[in-house]
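Scroll down for the structure; my scribbles are underneath it.
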Protein chains: 2
Amino acid sequence: MDLDVQTDILEANDAVAAENRRRFDAAGLLVINLMSSPGSGKTTLLEKMAAALAGQLRIGVIEGDIATSRDADRLTAVGVPAVQISTGSSCHLNADMISNALSSLDLNALDVLFVENVGNLVCPAEFEIGEHYKVTLLSTTEGDEKPLKYPAMFHVCSAMVVNKLDLMPYTNFNLNEATANALSINPRLAVFPLSCTTGEGLDAWISWVTSRLDETRKRQK
Amino acid sequence: MDLDVQTDILEANDAVAAENRRRFDAAGLLVINLMSSPGSGKTTLLEKMAAALAGQLRIGVIEGDIATSRDADRLTAVGVPAVQISTGSSCHLNADMISNALSSLDLNALDVLFVENVGNLVCPAEFEIGEHYKVTLLSTTEGDEKPLKYPAMFHVCSAMVVNKLDLMPYTNFNLNEATANALSINPRLAVFPLSCTTGEGLDAWISWVTSRLDETRKRQK
């Protein structure tokens, strides 16, 4: 794409993202943008968090998919307010799509809003949506070299969830190697190895989210 | 993106793709564009094919990655002529990148050229590179609903390799469901369940490739 066109698109997007952020902060809401390859387990992680935090925190979800409302249906089924964005052919969510989706959510009735981006380890990293934190999932079946091959995603994120620990014994995935590769791209990355199937590691990840909520609320005051 | 800008980009790309195709046909070469999510096993499949076809067919590879030359290095290590394209921030290969890479390959010394696209189940589907066939990989750890969620990729491909059959027992992936989902998007899709780890199913996939070579050479005469 022409570089000027791309710069214009990103600048226009950033302006809408800043307006989204103002709305999130006015509602005292923490917003986390979840990004990964297709099939890394974003929706399953959200299901597990919804169950673990039920009665403690009010969670909402915006689902971004090219087609189908399967992911939003899965979350609605476990009692989570979920809005589906169908992007058509677009390979990422942008700030405009989020702005439009917000009209379907009561922000004041939520503590944490997760945005599940389109499954894509490349393009979503470029588009701010007004979130407070970006988080990427890497599953053990994808290979421990992925942070080096897709560096932009790991560079922009605050945390990396390493999912599917239960499948690691059947692969050649090396957790230390994956962690070292990710930290070589972004030394400030918080790393959470876990399994949504066995529940191992979920507590540490959930603690990180609740700590981010506390910190964000202090800044919002 | 502005729709006119996108149309212009795709039309310019198609013209270069047609020129690439003329070069492939003049050299009597079959070219297959391999596309999938990151970590579905594209490079491993190429390693296995190179071993299986050694002494029978002359294989070459063009590797597309955002960063690193790890995949080309893996193939060079097993004796396959491989050219690495580093796309920088681009989420897909385009016809221009392929055209430039061809100067580093002796096309007349090859029978089949595989192009391993950037790991991305969305954007590469839109860009012709002059290939004769597009093939997508779906691994059992990614989930059997993926063809419905990323329909464009499955629509443009001639074949779907379902990889990591060896991991299927540890997941909730249903092979019949995945196949039905893919065929609902594209009824002409040839489906090859296999495991690069155990070797199961590799023969049928390799037969498909060699049949495509025979057919393509008949058309090229």
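Check off (1) away from chain A (no Cβ under 14 Å); (2) crowded, with 18+ Cβ neighbours inside 10 Å for residue B:40 and give me the number that stays unchecked.
Here residue B:40 meets the rest and fails (1).
Of all residues in the stretch B:155-173, which are in a helix (DSSP H, G or I), within 18 Å of residue B:184 (Cβ to Cβ) and out of contact with any Asp or Glu (no Cβ under 9 Å at 6 or more places or on another chain)?
Step one: list which residues in the stretch B:155-173 are in a helix (DSSP H, G or I), which gives B:155-156, B:165-170.
Subset that is within 18 Å of residue B:184 (Cβ to Cβ): B:155-156.
Across the stretch B:155-173, the qualifying residue is only B:155.
If we scan the stretch A:111-120, do we find a residue that is within 26 Å of residue A:17 (Cα to Cα) and of a type in the set (S, T, N, Q)? Break it down into steps so the answer makes sense when it comes.
If we filter the stretch A:111-120 for residues that are within 26 Å of residue A:17 (Cα to Cα), which is where we start, we get A:111-120.
This time we only want the ones that are of a type in the set (S, T, N, Q), so: A:117, A:120.
The answer is yes; a qualifying residue exists.
I'd like to know if the stretch A:132-145 contains one or more residues that are at the interface with chain B (Cβ under 8 Å from one of its Cβ atoms), touching a Phe, Trp or Tyr at 6+ places or on another chain (Cβ under 9 Å), touching a residue at least 40 places away in the same chain (Cβ under 8 Å) and acidic (Asp, Glu).
Yes, because at least one residue in the stretch A:132-145 is at the interface with chain B (Cβ under 8 Å from one of its Cβ atoms), touching a Phe, Trp or Tyr at 6+ places or on another chain (Cβ under 9 Å), touching a residue at least 40 places away in the same chain (Cβ under 8 Å) and acidic (Asp, Glu).
Would you mention how many residues in the stretch A:174-209 are hydroxyl-bearing (Ser, Thr, Tyr) and either touching an Asp or Glu at 6+ places or on another chain (Cβ under 9 Å) or on the phi > 0 side of the Ramachandran plot (or both)?
Going through the stretch A:174-209, the residues hydroxyl-bearing (Ser, Thr, Tyr) turn out to be A:179, A:184, A:195, A:197-198, A:207.
Checking which are either touching an Asp or Glu at 6+ places or on another chain (Cβ under 9 Å) or on the phi > 0 side of the Ramachandran plot (or both) leaves us with A:179, A:195, A:197-198.
Within the stretch A:174-209, residues that are hydroxyl-bearing (Ser, Thr, Tyr) and either touching an Asp or Glu at 6+ places or on another chain (Cβ under 9 Å) or on the phi > 0 side of the Ramachandran plot (or both) number 4.
From B:152, B:125, grab the single residue that is within 26 Å of residue A:145 (Cβ to Cβ), in a helix (DSSP H, G or I), within 14 Å of chain A (Cβ to nearest Cβ) and under 16 Å from the mean Cα position of the chain (by Cα).
Numbers: B:152 fails: within 26 Å of residue A:145 (Cβ to Cβ).
The match here is B:125.
For every residue, the table says whether it meets (1) surrounded by fewer than 24 Cβ atoms within 10 Å (Cβ to Cβ); (2) in contact with a Pro (Cβ under 8 Å, 6 or more places away or on another chain); (3) of a type outside the set (A, V, I, L, M).
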site	(1), (2), (3)
A:119	no, yes, yes
A:134	yes, no, yes
A:144	yes, no, yes
A:150	no, yes, yes
A:157	no, no, yes
A:164	no, no, yes
A:171	yes, no, yes
A:180	yes, no, no
A:184	yes, yes, yes
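Touching a helix residue (DSSP H, G or I) at 6+ places or on another chain (Cβ under 9 Å) and either within 12 Å of chain B (Cβ to nearest Cβ) or over 21 Å from residue B:125 (Cα atoms) (or both): does that describe residue A:106?
Numbers: touching a helix residue (DSSP H, G or I) at 6+ places or on another chain (Cβ under 9 Å): no; either within 12 Å of chain B (Cβ to nearest Cβ) or over 21 Å from residue B:125 (Cα atoms) (or both): yes.
Taking the combined requirement at face value, the residue does not satisfy it.
Determine if the stretch B:200-213 includes at least one residue that is over 19 Å from residue A:171 (Cβ atoms), outside any helix (DSSP H, G or I) and out of contact with any Cys (no Cβ under 8 Å at 6 or more places or on another chain).
Checked the stretch B:200-213: no residue is over 19 Å from residue A:171 (Cβ atoms), outside any helix (DSSP H, G or I) and out of contact with any Cys (no Cβ under 8 Å at 6 or more places or on another chain).
For (1) within 22 Å of residue B:70 (Cα to Cα); (2) of a type in the set (Ser, Thr, Tyr); (3) in contact with a strand residue (DSSP E or B) (Cβ under 9 Å, 6 or more places away or on another chain), each residue gets a yes or a no:
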{"residue": "A:146", "(1), (2), (3)": "yes, no, yes"}
{"residue": "A:163", "(1), (2), (3)": "no, no, yes"}
{"residue": "A:186", "(1), (2), (3)": "yes, no, yes"}
{"residue": "A:192", "(1), (2), (3)": "no, no, yes"}
{"residue": "A:195", "(1), (2), (3)": "no, yes, yes"}
{"residue": "A:198", "(1), (2), (3)": "no, yes, no"}
{"residue": "A:201", "(1), (2), (3)": "no, no, yes"}
{"residue": "A:205", "(1), (2), (3)": "no, no, yes"}
{"residue": "A:216", "(1), (2), (3)": "no, yes, yes"}
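What do you reckon, is residue A:89 out of contact with any Ser or Thr (no Cβ under 9 Å at 6 or more places or on another chain), surrounded by fewer than 18 Cβ atoms within 10 Å (Cβ to Cβ) and at the interface with chain B (Cβ under 9 Å from one of its Cβ atoms)? So that I can check it myself, show each step before the final result.
Details: out of contact with any Ser or Thr (no Cβ under 9 Å at 6 or more places or on another chain): yes; surrounded by fewer than 18 Cβ atoms within 10 Å (Cβ to Cβ): yes; at the interface with chain B (Cβ under 9 Å from one of its Cβ atoms): yes.
Answer is yes for this residue.
Being surrounded by fewer than 21 Cβ atoms within 10 Å (Cβ to Cβ), touching a strand residue (DSSP E or B) at 6+ places or on another chain (Cβ under 7 Å) and not aliphatic (A, V, I, L, M) is the filter here, so list the residues in the stretch B:57-86 that pass it.
If the condition is that a residue be surrounded by fewer than 21 Cβ atoms within 10 Å (Cβ to Cβ), touching a strand residue (DSSP E or B) at 6+ places or on another chain (Cβ under 7 Å) and not aliphatic (A, V, I, L, M), then B:69, B:76, B:81, B:84, B:86 are the ones that fit.
Run residue A:177 past the list (1) in a helix (DSSP H, G or I); (2) of a type outside the set (A, V, I, L, M, F, W, C); (3) more than 14 Å from chain B (Cβ to nearest Cβ) and report the number of the one that doesn't hold.
In the conditions (1) in a helix (DSSP H, G or I); (2) of a type outside the set (A, V, I, L, M, F, W, C); (3) more than 14 Å from chain B (Cβ to nearest Cβ), residue A:177 misses (3) alone.
Return the pairs, sorted by first residue and then second, in which the second residue is among the basic types (Lys, Arg) and assigned to a helix (DSSP H, G or I), the first residue lies in the stretch A:49-68 and is at negative phi and within 14 Å of chain B (Cβ to nearest Cβ), the beta carbons are less than 8 Å apart, and the residues are 6+ apart or on different chains.
Short answer, once both residue conditions are applied: A:65/B:149; A:66/B:149; A:67/B:149.
Only the coordinates and a few stated rules stand behind these numbers; no lab work does. Since this is a predicted model, take the numbers as computed values, not measurements. Every residue, glycine as well, gets a Cβ built from its backbone with ideal geometry; the counts of neighbours run over all protein chains shown.
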